[in-house]
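Novice: Got a structure for you, written out below as structure tokens; questions coming shortly.
The values are calculated or read from the model by the stated rules, or taken from the named source; none is laboratory data. Note that the structure is predicted; figures quoted are calculated from it, not measured. Positions of Cβ are generated from backbone atoms using ideal geometry, with glycine treated the same way; all protein chains shown enter the neighbour counts. Heavy atoms of the whole protein, side chains included, go into the accessibility calculation; ligands, DNA and RNA do not. Shrake-Rupley method; radii C 1.70, N 1.55, O 1.52, S 1.80 Å.
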Amino acid sequence: MSMLEELNTIVESARLPVETGVFSGTAPEEYVVITPISEHFALFSDDAPGMNIEEARLSLFSKRNYLQKKELLVRMLLTAGFVVTDRRYIGREDDTGYFHIAIDVAKETEET
């Protein structure tokens, strides 16, 4: 399963609508947008990569108190083996009324 598929599954199991890149429909009260950040090889041996590291940002948008959903997502991500590299309050968007919270994650997989 790819990292994006796994992230989608986690967010959906938290009962949040999710899309990659941009939310294309009418936005609900709470939703998540996943943005891939990077993918790179690490731990080379015999001129071959031994590890693949993928990183992504989960942007949680909420018009209400976001703290419980943020903590739920973080717990679920850690349980699934993701490394949470940053949690950041981006701000409140005055034009839409959404609070924007960013959760950056990384996942390492062995190359075979």
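Novice: Looking only at residues that are open to solvent by less than 40 Å² (accessible area, probe 1.4 Å) and not small (Gly, Ala, Ser) in the range 72-83, which one is nearest to Leu16 (Cα to Cα)?
Specialist: Among them, the one singled out is Leu73.
Table: residues versus (1) in a strand (DSSP E or B); (2) among the acidic types (Asp, Glu); (3) at pLDDT below 95; (4) touching a helix residue (DSSP H, G or I) at 6+ places or on another chain (Cβ under 9 Å).
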{"position": "Gly25", "(1), (2), (3), (4)": "no, no, yes, no"}
{"position": "Leu58", "(1), (2), (3), (4)": "yes, no, no, yes"}
{"position": "Leu73", "(1), (2), (3), (4)": "no, no, no, yes"}
{"position": "Asp86", "(1), (2), (3), (4)": "yes, yes, no, no"}
{"position": "Ile103", "(1), (2), (3), (4)": "yes, no, no, yes"}
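Novice: Going residue by residue through the range 37-53, is there one that turns out to be at pLDDT 95 or above and open to solvent by 40 Å² or more (accessible area, probe 1.4 Å)?
Specialist: No, the range 37-53 contains no residue that is at pLDDT 95 or above and open to solvent by 40 Å² or more (accessible area, probe 1.4 Å).
Novice: Report, by residue number, each residue of the range 1-41 that is in contact (Cβ under 8 Å) with a residue 12 or more places away in the chain and of a type in the set (Ser, Thr, Tyr).
Specialist: Answer for the range 1-41, where residues must be in contact (Cβ under 8 Å) with a residue 12 or more places away in the chain and of a type in the set (Ser, Thr, Tyr): Ser13, Thr20, Tyr31, Thr35, Ser38.
Novice: Cβ-Cβ below 8 Å, separation at least six or inter-chain, first residue in the range 68-94 and farther than 14 Å from Val11 by Cβ and touching a residue at least 24 places away in the same chain (Cβ under 8 Å), second aliphatic (A, V, I, L, M) and outside any loop (DSSP other than H, G, I, E, B): which pairs?
Specialist: Hits for this filter: Val83/Val105; Val83/Ala106; Thr85/Val105; Thr85/Ala106; Ile90/Ile101; Ile90/Ala102.
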